[in-house]
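Visitor: Just passing along the structure, written as structure tokens.
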Amino acid sequence: MTVRLPENPPTDEAAAEGAAAAVRCSGLEYAFGATRAVDNLDLTVRTGEVFGLLGPNGAGKTTAIRAITTLLPVPAGMVTVFGHDTARDRMAVRRLLGYVPQQLSADGGLTGRENVSLFARVYDVPRRERAPRVAEALEAVALTEAADRLAGTYSGGMIRRLELAQALVSAPRLLILDEPTIGLDPIARTSVWDRIDEIRQATGMTVLVTTHYMDEAEQYCDRVALMHRGRIRALGTPEQLKADLAGELEAPTLEDVFRHHAGQGLHGGSSADSSDGEDFRDVRRTRRTATRVG
Ligand SMILES: Nc1ncnc2c1ncn2[C@@H]1O[C@H](COP(=O)(O)OP(=O)(O)OP(=O)(O)O)[C@@H](O)[C@H]1O
């Protein structure tokens with residue numbers, strides 16, 4: 001599998017200094033009216049790691065991620081991506097990242113290949129490189145055979161992998177995934193994660209992911225941050241976080257860690273409540289429900 005990395009590393013000194021971190025948030029705040037969605041967030045994602053941002057609905061994960069992607073302005077605090085300040089250097093940041101939002105970003109009326117080609121054009125992939133890059137991205141997510149079928153005929157897991165290909169076609173150094181497996185059955189979830197894992201191993205790409213699923217976080221994330229009411233309550237490797245509780249509980253789980261730090265369980269999101277066999281319409285419905293009108 002050949003998935004490329006971009007050739008635009010940070011150039012100025014300040015950028016080079018911060019480049020050891022893929023993402024650095026310092027004192028980040030964001031409020032919707034009286035709701036402090038992100039409350040003085042300090043967070044560093046190291047280059048090359050898979051970092052999981054965990055938390056219940058409304059914890060502030062999506063808001064934090066949207067600030068990192070430059071889709072939301074940063075009213076207070078600072079965010080850098082590979083040393084580039086999101087407030088001052090928005091386009092440089094955007095060139096470095098691939099983002100798969102919670103909302104459906106594939107078009108059911110286009111084929112898989114057309115969907116990815118569209119993103120290649122949007123991300124300014126040079127014209128002569130587009131066809132091979134689209135083919136590589138589709139191959140990386142195991143969709144080569146289905147590439148010329150309409151996305152409207154894909155299963156939920158295939159759609160998620162297609163969206164992954166859309167994000168990969170620009171050869172990002174940082175891949176940001178907001179609930180990549182929401183609404184998928186366990187087999188489709190594993191398939192999405194296996195692709196992410198393979199791509200990460202092949203490229204050294206940094207991955208920042210939000211999820212409700214503690215089992216996924218334990219299995220696939222190098223480090224996790226537990227977020228609650230806009231703040232990070234605990235941060236470390238899943239093993240570290242559990243080991244810290246070992247004196248108090250026998251065989252603590254990440255869910256126990258969360259309850260310990262947030263004073264409540266994570267609610268919603270276990271493999272038991274995922275729906276099997278979703279198709280394109282189900283995915284659209286699931287994700288629409290998850291979308292807030294803002
Ligand atoms: N567009 C908006 N307008 C008003 N309030 C919003 C908006 N988006 C988010 N919020 C509020 O901000 C807080 C954080 O929401 P956010 O979506 O960032 O949480 P989350 O952890 O991503 O939740 P989920 O897992 O449900 O996606 C919540 O209280 C939410 O109701």
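The values are calculated or read from the model by the stated rules, or taken from the named source; none is laboratory data. Keep in mind that what you see is a predicted model, and the values were worked out from it rather than measured. Counting neighbours? That spans all protein chains shown, and the Cβs are built from the backbone with ideal geometry, glycine included. Only protein heavy atoms, including side chains, enter the accessible area calculation; ligands, DNA and RNA are left aside. Shrake-Rupley method; radii C 1.70, N 1.55, O 1.52, S 1.80 Å.
Visitor: When the residues of segment 43-71 are filtered to those that are over 18 Å from Tyr99 (Cβ atoms) and near the ligand (Cβ under 10 Å from one of its atoms), which remaining residue is surrounded by the fewest Cβ atoms within 10 Å (Cβ to Cβ)?
Guide: Asn57
Visitor: OK, next. Quick one: what pairs do we get from segment 209-235, first residue within 19 Å of Ala251 (Cα to Cα), second basic (Lys, Arg), C-beta under 6 Å, 6+ apart or different chains?
Guide: Leu226/Arg233
Visitor: Okay, moving on. So Thr190 ticks every box in (1) open to solvent by 10 Å² or more (accessible area, probe 1.4 Å); (2) in contact with a helix residue (DSSP H, G or I) (Cβ under 8 Å, 6 or more places away or on another chain); (3) within 23 Å of Lys61 (Cβ to Cβ) but one. Which box is left unticked?
Guide: Result: Thr190 passes all but (2).
Visitor: A further question follows. Has segment 73-83 got at least one residue that is in contact (Cβ under 8 Å) with a residue 40 or more places away in the chain, open to solvent by 40 Å² or more (accessible area, probe 1.4 Å) and either of a type in the set (Phe, Trp, Tyr) or in contact with a Lys or Arg (Cβ under 9 Å, 6 or more places away or on another chain) (or both)?
Guide: yes
Visitor: Let me ask something additional. Give segment 41-86 a look and list any residue that's among the aliphatic types (A, V, I, L, M) and within 14 Å of Met227 (Cα to Cα), or say none.
Guide: Leu41, Leu43, Leu53, Leu54, Ala59, Ala64, Ile65
Visitor: What single numbered condition from (1) more than 16 Å from the ligand (Cβ to nearest atom); (2) modelled with pLDDT of 90 or more; (3) surrounded by fewer than 16 Cβ atoms within 10 Å (Cβ to Cβ) fails to hold for Asn40?
Guide: Condition not satisfied by Asn40: (1).
Visitor: So is Val3 modelled with pLDDT of 90 or more and either open to solvent by 80 Å² or more (accessible area, probe 1.4 Å) or away from the ligand (no atom under 14 Å from the Cβ) (or both) or not?
Guide: Taking the combined requirement at face value, the residue does not satisfy it.
Visitor: Still on this structure, please answer the following. Report yes if some residue within segment 179-202 is within 16 Å of the ligand (Cβ to nearest atom), touching an Asp or Glu at 6+ places or on another chain (Cβ under 6 Å) and modelled with pLDDT of 85 or more; otherwise report no.
Guide: Checked against the condition, which is being within 16 Å of the ligand (Cβ to nearest atom), touching an Asp or Glu at 6+ places or on another chain (Cβ under 6 Å) and modelled with pLDDT of 85 or more, segment 179-202 yields no hits at all.
Per-residue answers, yes or no, for (1) crowded, with 19+ Cβ neighbours inside 10 Å; (2) under 21 Å from Ala59 (Cβ atoms):
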residue: Val224; (1), (2): yes, yes
residue: Met227; (1), (2): yes, yes
residue: Gly230; (1), (2): yes, yes
residue: Arg233; (1), (2): no, yes
residue: Ala243; (1), (2): no, no
residue: Ala246; (1), (2): no, no
residue: Ala251; (1), (2): no, no
